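So the structure is just underneath, and the comments pick up after that.
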Amino acid sequence: MWPLGACKQAFYVVGLLGIILFSIPTAVSYVRLPSGEPFSELYVLGPGHMASDYPFNVSEGENYLVYLGVGNHLGAAAYYGVYVKFGNASDALPNATAGVSSPLPLLYEYRVFLTDGQTWEAPLNFSFSDVAFDGNVSFVRNIRINDAVFDVEKMARWDNSSSGFYFRMLAELWVYDAKSDGFGFNGRFVSLWFNVTSGV
Amino acid sequence: MFLLRSVSLFFVSVFVVCFAVAVVIPTVHPVLGEDAGARVAEAEAALRGAFRDVLDAEKSGVNVSGLAGRLTVAGAVLSEAEGALNSGNSTGAGVLADSCRALADGVGADARVLKSEAVAGMGGWWVLVLLSGVGAGAFLASLYVVWRWFRKYYARKLVGGRPEVSA
């Protein structure tokens, strides 16, 4: 027969297990398990919804299509702005390390609201108009993004090493901060190079 | 003489009307543009306000995925409004901005209602805590009663077991 002390300890253990069992429903509804480091994602896909076949050699009047995507892994709902900008090879890119966006003017903005774990994709249709070539310089005056036309007045010099007139389209990811009631650059951006040709 | 006076009066009237139109129209058109710009700005503010309401609702435990989807639709309308404004279509921009604002206000109102309902339902959580506490207490009380009985049983067993004495 077990000593009384050992029996008493057994009753203590049963009592403790009972307390734990009865507190499980409350704990499950209240405790949030750690979910890992929060982050957002921004990506661009080609016309086939794949990371390929991106438009590169572009000409005036032709329509081009890519898809922009955003993913929310911040642990809560978020309000994202995807800022589309256009520049040439010498225009400054965003500095992702310092969290500084490109100084290029905002042309088109996508506004996206996502809950945690959600992703969003949307088409980005664009074309160029009023494109001119003068010697070793190319001018792009207008760009159409979706249904809106923007005056960009961008110039690019002939690149001897890469043999082309190079321009670049950027998409930057900005996130709304409810406390400051403003947007901040999230440090993420994607860019596409274009070689503007005469199309002949 | 009368004819000359009438013709002169006619041409003076035409001149005055043309002058008035030339002065009025340039002052009307920029006002339309400014109005559309203000309506776009108001729609943007409404979108932000609605998102803050959605965030509050989410913190209260509401599933806001449907609300977020509606806000994305409203955001797309606002982007169209900005594009129209940039293209010089002030009328279209204003209409789209008002549409965005209506959508955003609707989402904000729904978010506030859902949050109120969630907060009211929080009473259920306290009932759960109370029931867990009562259940644990009843279990421990029962365990104590069982222990008391077991101790008496153990003592009886000890007293009843006499040691054997070998001759």
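The values are calculated or read from the model by the stated rules, or taken from the named source; none is laboratory data. Remember, predicted model here, so these are calculated numbers, not experimental data. Every residue, glycine among them, receives a Cβ derived from its backbone with ideal geometry; neighbour counts consider all protein chains shown. Protein only, heavy atoms only, side chains kept; ligands, DNA and RNA dropped before computing areas. Shrake-Rupley method; radii C 1.70, N 1.55, O 1.52, S 1.80 Å.
Per-structure values
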quantity	calculated
All positions within segment B:78-124 that are among the β-branched types (Val, Ile, Thr), within 24 Å of B:Glu58 (Cα to Cα) and surrounded by fewer than 23 Cβ atoms within 10 Å (Cβ to Cβ)	B:Val113, B:Val119
Scope segment A:118-145; condition within 21 Å of A:Pro47 (Cα to Cα) and of a type in the set (D, E, K, R); matching residues	A:Glu121, A:Arg144
A:Pro105, sole failed condition from (1) within 25 Å of B:Ala41 (Cβ to Cβ); (2) surrounded by 13 or more Cβ atoms within 10 Å (Cβ to Cβ)	(2)
Residue under evaluation B:Ala138, criteria (1) open to solvent by less than 60 Å² (accessible area, probe 1.4 Å); (2) part of a helix (DSSP H, G or I); (3) under 18 Å from A:Tyr79 (Cα atoms), criterion not met	(3)
Of residues in segment A:143-160 being at the interface with another protein chain (Cβ under 8 Å from one of its Cβ atoms) and in a loop (DSSP other than H, G, I, E, B), the one nearest to the chain's Cα centre (by Cα)	A:Asn146
Subset tally (residues that are farther than 22 Å from A:Arg188 by Cα and surrounded by 15 or more Cβ atoms within 10 Å (Cβ to Cβ)) for segment A:48-64	4
Some residue of segment A:37-47 being more than 14 Å from chain B (Cβ to nearest Cβ), surrounded by 14 or more Cβ atoms within 10 Å (Cβ to Cβ) and part of a loop (DSSP other than H, G, I, E, B)	yes
Conditions (1) hydrophobic (A, V, I, L, M, F, W, C); (2) open to solvent by less than 70 Å² (accessible area, probe 1.4 Å); (3) touching a residue at least 12 places away in the same chain (Cβ under 8 Å); number of the one not met by A:Val100	(2)
Flag if A:Phe167 is under 26 Å from the mean Cα position of the chain (by Cα), more than 23 Å from A:Gly61 (Cα to Cα) and modelled with pLDDT of 95 or more	no
Qualifying positions in segment A:173-191 - surrounded by 20 or more Cβ atoms within 10 Å (Cβ to Cβ) and either of a type in the set (Ser, Thr, Tyr) or in contact with a Lys or Arg (Cβ under 7 Å, 6 or more places away or on another chain) (or both)	A:Leu173, A:Tyr176
Any hit, segment A:148-160, residues being under 26 Å from B:Ala45 (Cβ atoms) and open to solvent by less than 30 Å² (accessible area, probe 1.4 Å)	yes
Residue within segment A:81-95 that is among the basic types (Lys, Arg), part of a strand (DSSP E or B), touching a strand residue (DSSP E or B) at 6+ places or on another chain (Cβ under 8 Å) and within 11 Å of chain B (Cβ to nearest Cβ) present	no
All positions within segment A:110-143 that are in contact with a Phe, Trp or Tyr (Cβ under 9 Å, 6 or more places away or on another chain) and buried (at least 19 other Cβ atoms within 10 Å of the Cβ)	A:Tyr110, A:Arg111, A:Val112, A:Phe113, A:Leu114, A:Leu124, A:Phe126, A:Phe128, A:Val131, A:Ser138, A:Val140, A:Ile143
Any hit, segment A:118-139, residues being under 24 Å from A:Gly75 (Cβ atoms), modelled with pLDDT of 95 or more and part of a loop (DSSP other than H, G, I, E, B)	yes
Of all residues making up segment B:141-159, the number that are among the hydrophobic types (A, V, I, L, M, F, W, C) and surrounded by 11 or more Cβ atoms within 10 Å (Cβ to Cβ)	5
Extreme residue, nearest to the other protein chains (Cβ to nearest Cβ), among residues of segment B:79-94 that are touching a residue at least 24 places away in the same chain (Cβ under 8 Å) and among the hydroxyl-bearing types (Ser, Thr, Tyr)	B:Ser90
Residue among B:Ala97, B:Ala68, B:Ala76, B:Ala118 that alone is in contact (Cβ under 8 Å) with a residue 24 or more places away in the chain, within 24 Å of A:Val84 (Cα to Cα) and in a helix (DSSP H, G or I)	B:Ala97
Leading residue by the ranking (nearest to the other protein chains (Cβ to nearest Cβ)) among those in segment B:33-51 that are surrounded by fewer than 23 Cβ atoms within 10 Å (Cβ to Cβ) and free of Cβ contacts under 8 Å to residues at least 24 places away in the same chain	B:Arg48
